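Working notes, beginning with the structure itself.
Every read-out reported here was derived from the displayed coordinates using simple, explicitly stated rules and does not represent laboratory data. Predicted model, so just to flag it, every value in this text is computed and none were measured. Reconstructed Cβ throughout: ideal geometry from the backbone, glycine too, with neighbour counts over all protein chains shown.
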Amino acid sequence: MRRPEKTERLALPGVLTGQQAAATVRALLAVQRPDGAIPWFRGHHLDPWDHTEAAMALDAAGEHGAAARAYDWLARHQNEDGSWYAAYADGDATEVADHGRESNFCAYPAVGVWHHYLATGDERFLDRMWPVVRAAVSFVLELQQPGGQIGWKREPDGSACTDALLTGSASIHHALRCALALAGQRGEPQPDWELAVGALRHAVRCHPEHFLDKGRYSMDWYYPVLGGALSGAEARSRMAEGWDRFVVAGLGVRCVVPNPWVTGGESAELALALWAMGEPARAVEILRSIRHLRDPASGLYWTGYVYADQAVWPEELTTWTAGAVLLAVAALGGDEATCAVFGGADLPAGLDPQCCAQGVPDG
């Protein structure tokens, strides 16, 4: 039985009760393998990004030991070049389902490692994980292009895919800032990283032509805000621009237009972005709108809902959807580590390039 004080911080009126939060955390723990791996659900694959998001949710719930095991899994199974593969069958490191190595997937553990350190203050954990983060960042930055954007991945044969995704690059921007925070805590300055994150932010803010056109996807809409590349008036303008295209009142956020399909992960991430830009009321409204995705039997959340057909689809209860909801609730509830990581006020900003007038940050 879970102690209620561990999940009382995750109670949010109209979104989750303390008992419901505890059930969701129990469900995440039940999916986690004994070796620390957290697949999407048992029998499906693990990818490093979603594995990290679920681990962060466990930390937000006070399950620090389980989260540490998830990061130890990453440390044990990192490739020699600093990467991880894109997918492992049921989290089994010996059963690689996709030998591609995606830059966004490899960057994101830095966010989780910084979050865990802030949540626990565990210096020995930092000692173990700093070389892991440093190697992963080196892998990612080898894919940075002259315009600042980050190439999508390395193919199984090792060749670089230089096409860049806006969502992925915006997420990497967040990860690099967390990696710089780790470097600062270690007392090991990384000036090349500072230049890289500034160039990447400039690309996200000012050069849409550097990225593949995925504007139909809601993640391309809100991720520049969630990843911290856009803030203030720029963030508010972007949210206003896409709101009516992507938000379905009372149901959540479309994954892709014009499909009549709302998804829990995108909805919870939008709520995090709204919280980060200082709009908690709208964030709570979005989270309340996806209560219909919660499965009361398991405490997990369905990935999505096709509202034109009034049907859950796909019929899968994913750890990363539950993780995103818990992290959004944790931020709204004032969890210090989660607020620090996603609020970004104290994360290093890097150095902005002298590229064009648009590159000057706003106030």
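Would you work out which of Ala337, Val132, Trp193 lies farthest towards the positive end of the dipole of the chain? Charges go on Cβ: Lys and Arg +1, Asp and Glu -1.
Ala337
Among His115, His207, His99, His51, which comes first, then next, by fewest other beta-carbon atoms within 10 Å?
Numbers: His115 26, His207 16, His99 13, His51 31.
Fewest to most other Cβ atoms nearby, the residues stand as His99, His207, His115, His51.
Quick one: 3J(HN,Hα) in Hz for the stretch 117-125, Karplus 6.51/-1.76/1.60 with θ = phi - 60°, rounded, Gly and Pro as x.
4, 5, 6, 10, x, 7, 5, 5, 4
Using θ = phi - 60° and the Karplus form 6.51 cos²θ - 1.76 cosθ + 1.60, what ³J(HN,Hα) does each residue of the stretch 81-92 get, whole Hz, x for Gly and Pro?
8, x, 9, 10, 6, 6, 7, 10, 4, 6, x, 8
If you place +1 on the Cβ of every Lys and Arg and -1 on the Cβ of every Asp and Glu, how big does the dipole about the Cα centre of the stretch 278-363 come out, in debye to the nearest 20?
Values: 4 positive and 11 negative charges, 46 e Å.
Using Cβ point charges on Lys, Arg, Asp and Glu, the stretch 278-363 gives about 220 debye.
I'd like to know which of Thr7, Gly278, Ala107 lies farthest towards the positive end of the charge dipole of the chain, counting +1 on Cβ of Lys and Arg and -1 on Cβ of Asp and Glu.
Thr7
Relative contact order of the stretch 10-344: what whole-number percent is it, with Cα pairs under 8 angstrom and at least 6 residues apart?
On the way: 638 pairs, mean separation 61.4, N = 335.
RCO, the stretch 10-344: 18 percent.
Per 0.36 nm of contour for each residue apart, how much would the distance between Glu315 and Asp346 grow if the chain were fully extended, relative to their Cα-Cα spacing?
On the way: separation 31, 0.36 × 31 = 11.16 nm, distance 3.96 nm.
Extra length from Glu315 to Asp346 when fully extended: 7.2 nm.
Let me understand the chain better: what is its radius of gyration from the alpha carbons, and its Dmax, in angstrom?
Using the Cα atoms of the chain, the pair Rg, Dmax is 18.9, 57 Å.
Please find the FRET efficiency linking Ala308 to Glu336, where r is the Cβ-Cβ separation and R0 is fixed at 35 Å, and quote it to the nearest 0.05. Spell out each step's value before the answer.
Values: r = 42 Å, r/R0 = 1.19.
Step by step, r from the Cβ atoms, then E = 0.25.
Using the scaling law 2.2 N^0.38 Å as the reference, what is the normalised Cα Rg of the stretch 209-327?
Details: Rg = 13.8 Å, N = 119, 2.2 N^0.38 = 13.5 Å.
Output field value: 1.02.
Using the Cα centre of the stretch 10-344 as the reference point, and only Cβ charges (+1 on K/R, -1 on D/E), how large is the resulting charge dipole? Debye, rounded to the nearest 20.
Numbers: 25 positive and 40 negative charges, 144 e Å.
Charge dipole, the stretch 10-344, about its Cα centre: 700 debye, nearest 20.
Compute the length gained on full extension between Thr162 and Cys356: take 0.36 nm times their separation in residues and subtract their Cα-Cα distance, giving the result in nm to one decimal.
Working: separation 194, 0.36 × 194 = 69.84 nm, distance 2.29 nm.
Contour length minus Cα-Cα distance gives 67.6 nm.
When the chain is modelled as a GNM with alpha-carbon springs shorter than 10 Å, which of Pro13, Pro353, Pro131 fluctuates the most?
Maximum fluctuation in the GNM of the chain, among the listed residues, is at Pro13.
Using only Cα atoms, locate the centre of the stretch 149-178 and the centre of the stretch 263-292, then give the distance between them in Å, rounded to an integer.
One Cα centre to the other: 26 Å.
Among Trp313, Ala97, Ala249, whose Cα sits farthest toward the positive end of the charge dipole of the stretch 10-344 (+1 at Cβ of Lys/Arg, -1 at Cβ of Asp/Glu, about the Cα centre)?
Of the listed residues, the answer is Ala249.
Compute the distance in nm between two label points, each set 7 Å from the Cα along the Cα-to-Cβ direction, one at Glu155 and one at Arg124.
Rounded to a tenth, the inter-label distance reads 4.5 nm.
Have a look at Gly265, Gly158, Gly82 and tell me which one the Gaussian network model of the chain (Cα, springs below 10 Å) gives the largest fluctuation.
Among Gly265, Gly158, Gly82, the largest mean-square fluctuation in the Gaussian network model of the chain belongs to Gly158.
For the residues Cys339, Cys356, what sequence is obtained by ranking on other C-beta atoms within 10 Å, fewest first? Walk me through the numbers before you get to the answer.
Details: Cys339 18, Cys356 10.
The fewest-first ordering by Cβ neighbours comes to Cys356, Cys339.
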